[in-house]
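The values are calculated or read from the model by the stated rules, or taken from the named source; none is laboratory data. Being a predicted model, the structure only gives us computed values, none of them experimental. Cβ coordinates were reconstructed from backbone atoms using ideal geometry, including for glycine residues, and neighbour counts include every protein chain displayed. These accessible areas exclude ligands, DNA and RNA; they are computed on the full protein's heavy atoms, side chains included. Shrake-Rupley method; radii C 1.70, N 1.55, O 1.52, S 1.80 Å.
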Amino acid sequence: MREEQATTDRLAAYSDAVFAVIVTIMVLELKAPDQATFSALWPLWPTAISYAVSYLFIAIIWINHHHLMRLSGPPTLTLIWINFVHLFMVSLLPFATAWIARTRLASSPVVFYAGLFVGIDIAYNVFEREVLARAVHISDRARGMARRRSLVVLAIFLTAMLVAWVAPRVGFGLICAALILHLRPGTRRGLRSLTESDDHARTKES
């Protein structure tokens, strides 16, 4: 049991390290202007907005990933590989963020950015489905709500990718709107049930 917990902790720690590196890489893309005036900051608005959205996305991913890992139990080989695929997709975010910033939210970069969000969300949905299928302390209703929310977010990302071909800033706005739906982890209720079950078990033993 202790070895299985160690494997889960190692997987979570590795994922946390990858998220930290990704954020660090994005920060390195922020270049200060040469002029010593506040007006010199205005041309940097695409960089600031794209960085803020990408940072928020990574924060949301980490929070949801953290809650899922607490429900996962001993990770299977399938779950580990799904996690690696998910992390690979997320690792492309600094590249996509820099591209839309340098091109000032041009059409093709925003389409690529939205497409990357689609890929990340698909990988996350597979990861979430694998975890929830094995979680024993979460209701079918909570599973259903989490899956429906994931599908709605995925549909918005797909719509943003299509809209970005003709209206890139509108597509970027749709991406921002989709992120709002993931601010609160869908597994929070299931995690609360798990905690209450553990507390009940400890009380019974004592």
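Would you list the membrane-span-like helices of the chain, meaning whole DSSP H runs whose alpha-carbon atoms span at least 15 Å along their axis and whose mean Kyte-Doolittle value is at least 0.0? Walk me through the numbers before you get to the answer.
Numbers: long enough: 2-28 (39 Å, 0.61); 45-72 (40 Å, 0.77); 77-91 (21 Å, 1.81); 107-134 (41 Å, 0.78); 140-163 (34 Å, 0.76); 168-180 (19 Å, 1.75); 188-205 (26 Å, -1.84).
Span-like helices here: 2-28, 45-72, 77-91, 107-134, 140-163, 168-180.
How big is the accessible area of D140 in square angstrom, nearest 10, if you roll a 1.4 angstrom probe over the protein chains?
Answer for D140: close to 120 Å² accessible.
Report in % the part of the accessible area of segment 1-144 that belongs to carbon and sulfur, leaving out ligands and nucleic acids; probe 1.4 Å. Mind showing how you got there, number by number?
Details: 5150 of 7680 Å².
The computed percentage sits at 67.
Please find the FRET efficiency linking D34 to A167, where r is the Cβ-Cβ separation and R0 is fixed at 22 Å, and quote it to the nearest 0.05. Show your work: numbers first, answer last.
Working: r = 33 Å, r/R0 = 1.50.
That gives a FRET efficiency of 0.10.
Could you state the accessible area per residue of the chain in Å², with a 1.4 Å probe and every protein chain left in place?
Working: 11550 Å² over 206 residues.
About 56 Å² of surface per residue is accessible.
How much accessible surface does V166 have with a 1.4 Å probe, in Å² rounded to 10?
Ignoring ligands and nucleic acids, V166 comes out at about 130 Å².
Rounded, prolate or oblate: which one fits segment 80-173, using the alpha carbon gyration tensor with axes a ≥ b ≥ c (rounded when a/c is under 1.5, else prolate when a/b beats b/c, else oblate)?
Values: a/c = 4.03, a/b = 1.87, b/c = 2.15.
The shape class here is oblate.
Starting from the Kirkwood radius over alpha-carbon pairs of the chain, derive D by Stokes-Einstein at 10 °C in a medium of 1.306 mPa s and give it in µm² s⁻¹. Numbers along the way, then the final one.
Details: Rh = 18.4 Å.
For these conditions, the coefficient is 86 µm²/s.
At a probe size of 1.4 Å, how large is the accessible area of L158, to the nearest 10 Å²?
Accessible area of L158: about 70 Å².
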